[in-house]
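Readers should treat all values here as calculations from the given coordinates under stated rules, not as data from a laboratory. Here the structure is a predicted model, which means the values were calculated and not measured. Using ideal geometry, Cβ is built from the backbone for each residue, glycine included, and neighbour counts are taken over all protein chains shown.
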Amino acid sequence: MKQKILITGASGLLGLNICNRLKLNSNFELFGICRTEINFDCEDVNWVYLDLTDFEVLQEFFKKNFFDIIIHCAAYVNVDSCELNKEYVTKLHVDVINTFQIYSPDSKIIYISSDSVFDGINGNYSEQSIRNPLNFYSYSKYQGENLLFNSKMNFLILRLNIYGFHRPVSNSLVEWAIKELKEAHSINGFSNVYFNPLYVGQVSRLIEKAIENKIEGVYHVGSTESISKYNFLKKVAKVFCLDDKLIHETQYQSFDNKPLRPLNTTLNIDQMKSKLNIEFNLDDGISEMFDDYHFYTI
């Protein structure tokens, strides 16, 4: 019997890539939740249009449907805006987990968390490192994790930092940089902010393998290479044949009217590498993104 998998935020940066990956697996039947109707073709996914923060509607949905696995990708990722929309962010990142727990208690939850639950002082954080979120976005992810820790649900928490592009193209870090550089505009890249990000296509393959191997608990996932955001943008520019001299090295500095951001959220990925015998190279991820970008946008 096929496993029924529900993906929230299914038309988003990560959710859509997970859909495109898992729909190729004959062992899965996919359902994707998004707020508005999609404007592109994505067959073999049962699309559900509803607002996850409308809990009455969501409860009725779960009363009529059971899922073996719920992959919670839906997120509000604009750090500045999160400070102004705390109630909504809490509903989306935290309170919705309560609805899963009450109305779909036998489902396994795969919770997409963030490397920013750490304060970025030391870097190379393990799964056992002390979390210390600096802004409300990070705090809401921290709260979502805590809710799962204190529940009786079967869960997998993935802490990560992703890159990729939306359909249609939007304004993530990579999309913004590509757009500006294509128009020969200068941009800044922070040389004092470090991470080890994964391309969404790589994340999707990892999630498929984690499902097949029934992995539970908390895992850090990322590329094998840690890098500054400045050097990351330089790599992207070179692969996309754009002028990397337009990228100016600068230092991130906090401002009184802006939420704090961690400077070094590099993750130690030894536990996932050992458990799944899998690792991802940063250059391979950027090259894969280049191929996908030209396939879907040109």
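A few points about this structure:
- Long-range amide H partners of Lys4 with built H, under 5 Å: Glu29, Asp68, Ile69
- D (Stokes-Einstein, µm²/s), Kirkwood Cα radius, the stretch 164-298, 1.567 mPa s at 4 °C: 80 µm²/s
- Helical contribution to [θ] at 222 nm, DSSP H n ≥ 4, -39,500 (n - 2.57), averaged over the chain, rounded to 500: -10500 deg cm²/dmol
- Cleavage-rule hits (trypsin sites (Lys or Arg not before Pro)) in the stretch 144-235: DSSP loop, at most 12 neighbouring Cβ within 10 angstrom: Lys152, Lys214
- Cα Rg over Rh - the stretch 33-83, Kirkwood: 1.01
- Restricting the stretch 213-261 to GluC sites (Glu not before Pro) that sit in a DSSP loop and have at most 14 other Cβ atoms within 10 Å of their own Cβ leaves Glu216.
- Of the chymotrypsin sites (Phe, Trp or Tyr not before Pro) in the stretch 1-48, the ones in a loop by DSSP (not H, G, I, E or B) with at most 13 other beta carbons within 10 Å are Phe40.
- Helix 136-149 and the longest principal axis of the C-alpha atoms of the chain enclose an angle of approximately 40°.
- Counting only DSSP beta bridges with both residues in the stretch 144-298, the antiparallel share comes to about 15 percent.
- The dipole here belongs to the stretch 48-117: it is taken about the Cα centre, uses +1 on the Cβ of Lys and Arg and -1 on the Cβ of Asp and Glu, and is about 220 debye.
- In the stretch 200-298, a dipole from Cβ-located charges (positive for Lys and Arg, negative for Asp and Glu) runs towards its positive end, and of Phe255, Thr265, Tyr219 it is Phe255 whose Cα lies farthest in that direction.
- Inter-centroid distance (Cα atoms) of the stretch 181-227 relative to the stretch 3-53, Å: 21 Å
- Acute angle (nearest 10 degrees) that the helix 229-239 long axis makes with the longest principal axis of the chain, alpha-carbon atoms: 90 degrees
- For the chain, a Gaussian network of Cα nodes joined below 10 Å ranks Asn122, Asn264, Asn98 by mean-square fluctuation, and the top entry is Asn122.
- Across the stretch 1-107, the convex hull enclosing all Cα atoms gives 98 Å³ per residue.
- Between helix 282-297 and the chain: long-axis angle, C-alpha atoms, 0 to 90°, nearest 10: 70 degrees
- Measuring max minus min along each principal axis, the C-alpha atoms of the stretch 235-298 give extents of 42, 37, 21 Å (largest first).
- When Glu208, Glu60 are arranged by Cβ crowding within 10 Å, least crowded first, meaning fewest neighbours, the order is Glu60, Glu208.
- P(r) weight above 25 Å for the chain, C-alpha pairs, percent: 48 percent
- Result for the chain in a Gaussian network model with C-alpha springs under 10 Å: among Val89, Val57, Val174, the largest mean-square fluctuation is at Val57.
- Arranged from fewest to most other beta-carbon atoms within 10 Å of their beta carbon, Tyr252, Tyr293, Tyr111 become Tyr252, Tyr293, Tyr111.
- Cα-based reach from Lys86 at 25 Å (exclusive), listing lysines while leaving out same-chain residues under 8 positions away: Lys141, Lys258
- Projecting the Cα atoms of Ile102, Leu147, Val174 onto the charge dipole of the stretch 71-184 (Cβ charges, centred on the Cα centre) puts Ile102 farthest toward the positive pole.
- Beta bridges by DSSP in the chain, antiparallel share as percent, to the nearest 5: 5 percent
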